[in-house]
Amino acid sequence: MLVSSVNPLDILVITGNAPIPLNNKEFKLSASDENHGKSSINSTVLGTEGVGRVTKIGAKAKKATNGDLEVGDYVIPFNFGNYGSWSTKIYLDPSNLVVFKNREGITARDLSSVNINISTAYRMILDIEKLNAGDYIIQNGANSGVGKYVIQLANAWGFKTINVIRDRSDFDKVADDMKKLGADIVIKDTELDSSSTKDLLSSLSSPIRLGLNFVNGSNAAKMASHLSPGSTLATYGMVANDPIPIYPTMLLLQRIKIVGISIFAFYHNNPIEERVKTWEDIVSLLRSKKVKAQDSELVALYDEQNDNKHYSSEKMRELALGAINSSKKTTLLINKD
């Protein structure tokens with residue numbers, strides 16, 4: 001593997017709340033890693049999305065899902081078998097891989113969020129509501145990885161976005177950065193139910209047809225109050241597990257539809273070809289610069305001052321824990337490209 005994004009989903013995997021099973025496996029420990037006399041440990045390699053590079057092809061290996069494989073090709077796995085994407089090397093059946101041969105205008109880092117973050121944004125915009133040009137999407141947690149891709153994809157496809165983010169000391173800077181990505185309106189969460197926000201959103205020339213909820217709790221209910229009649233509120237995240245208050249007016253007067261959406265459900269319920277088509281379209285958008293990879297803090301698991309050799313297991317564990325607990329969006333650089 002080359003690059004892997006660190007996502008909120010990884011935290012859910014750690015806590016046992018993820019909608020995907022753990023891949024527990026018995027690992028042999030090297031002499032230097034033996035713990036209290038144990039020679040092996042039953043554990044899970046974390047990481048739910050990432051991009052790798054082909055380093056070796058078995059004599060009997062067949063094609064990848066969308067074409068032939070060659071050493072050096074970028075590949076995105078459908079799944080990681082008994083491992084996770086935070087692996088230095090993975091042995092996989094080629095039928096579990098999508099290959100990207102044309103590297104022009106694309107980097108491994110660009111591809112590292114295709115499987116979950118960008119695909120989640122892509123499918124939510126296309127699948128939940130039939131949006132018309134100029135229609136609005138309102139979303140909370142809008143400065144998250146998925147949220148920023150929603151902004152960019154909506155902008156590329158002719159839709160507009162209302163983006164709710166946490167009231168913070170650097171709000172103006174964050175809002176300005178989001179507008180550079182294509183955000184139309186940015187609102188503080190503390191002002192969701194203010195009269196000025198109500199006046200602004202009620203005066204829009206196009207309907208607010210889709211609400212994307214990542215935050216939950218009262219934030220989601222306040223956001224939903226601005227949806228146009230007959231619209232949909234879709235929950236895709238669990239940044240907080242607080243219940244969402246559902247008021248009769250939302251159902252009777254606004255006639256809001258309330259749904260949950262998971263990219264894993266899309267993958268499970270559709271042919272593999274649909275996943276490949278989604279990914280190839282996303283890569284075209286990345287290559288054309290209509291969408292750009294989210295900025296993130298890069299954490300290398302190898303020492304560039306020592307011929308790119310991997311750090312010790314203790315050092316790698318320290319770096320991984322730091323990435324998991326970081327308040328910033330973080331990307332692991334697993335091998336030098």
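Every number here is computed from the coordinates shown, using simple stated rules; none is lab data. Note that the coordinates shown come from a computational prediction; the quantities given were computed from them, not determined experimentally. Every residue, glycine as well, gets a Cβ built from its backbone with ideal geometry; the counts of neighbours run over all protein chains shown.
Some observations on this one:
- Taking a Cβ cut-off of under 11 Å around ILE118, the surrounding Lys, Arg, Asp and Glu residues balance to a net charge of 0, with basic ones at +1 and acidic ones at -1.
- Descending semi-axes in Å of the range 269-337, equivalent ellipsoid built from Cα gyration tensor: 31, 15, 14
- Net charge of Cβ neighbours under 15 Å - reference PRO94; Lys, Arg +1; Asp, Glu -1: +2
- Rg over Rh [alpha-carbon atoms, Kirkwood Rh] for the range 1-158: 1.04
- Projecting label points 7 angstrom from Cα along Cα→Cβ for GLU274 and LYS28 puts them 4.3 nm apart.
- Mean Kyte hydropathy of -0.5 or more with a Cα span along the axis of at least 20 Å, helices from DSSP in the chain: 272-287
- Residue among VAL99, VAL13, VAL71 with the largest mean-square fluctuation in a Gaussian network model of the chain, springs linking Cα atoms under 10 Å: VAL71
- Antiparallel %, DSSP beta bridges [both residues in the chain], to 5: 45 percent
- The chain has equivalent-ellipsoid semi-axes of 38, 22, 19 Å, by the square roots of 5 times the alpha carbon gyration tensor eigenvalues, sorted largest first.
- Selected from LEU252, LEU210, LEU97 as most flexible by GNM, with the chain as the system and alpha-carbon contacts under 10 Å: LEU252
- Backbone N within the range 98-139 under 12 Å of label point (7 Å from SER205 Cα along the Cβ vector): 134-135
- Difference of contour (0.36 nm per residue) and Cα-Cα distance, SER40 to SER284: 83.5 nm
- Global form of the range 91-158, assessed from the alpha-carbon gyration tensor, a/c cut-off 1.5: prolate
- Cα gyration tensor, the range 66-191 - rounded (a/c under 1.5), prolate or oblate: prolate
- Prolate/oblate/rounded call for the range 129-260, Cα gyration tensor, a/c under 1.5 rounded: rounded
- Straight-line cross-link partners of LYS329 among the lysines, defined as a Cα under 19 Å from its Cα and at least 8 positions apart when in the same chain: LYS148, LYS173, LYS179, LYS180, LYS292.
- Between LYS257 and LYS130, the contour length at 0.36 nm per residue exceeds the Cα-Cα span by 44.4 nm.
- Listed residues TYR74, TYR149, TYR247, most fluctuating in the chain (Gaussian network, C-alpha, under 10 Å): TYR247
- Full extension of the chain segment joining TRP157 with LYS292 gains 47.1 nm, where the gain is 0.36 nm per residue of separation less the Cα-Cα distance.
- Simple label model, 7 Å out from Cα along Cβ direction - PHE264 to ASP307, nm: 4.1 nm
- Inter-probe distance in nm under a simple model that places probes 7 Å from Cα toward Cβ, at THR107 and LYS63: 3.2 nm
- Residues HIS226, HIS268, HIS310, sorted so that the one with the fewest Cβ neighbours within 10 Å comes first: HIS268, HIS310, HIS226
- Which of PHE266, PHE171 has the fewest Cβ neighbours within 10 Å, and the rest in rising order: PHE171, PHE266
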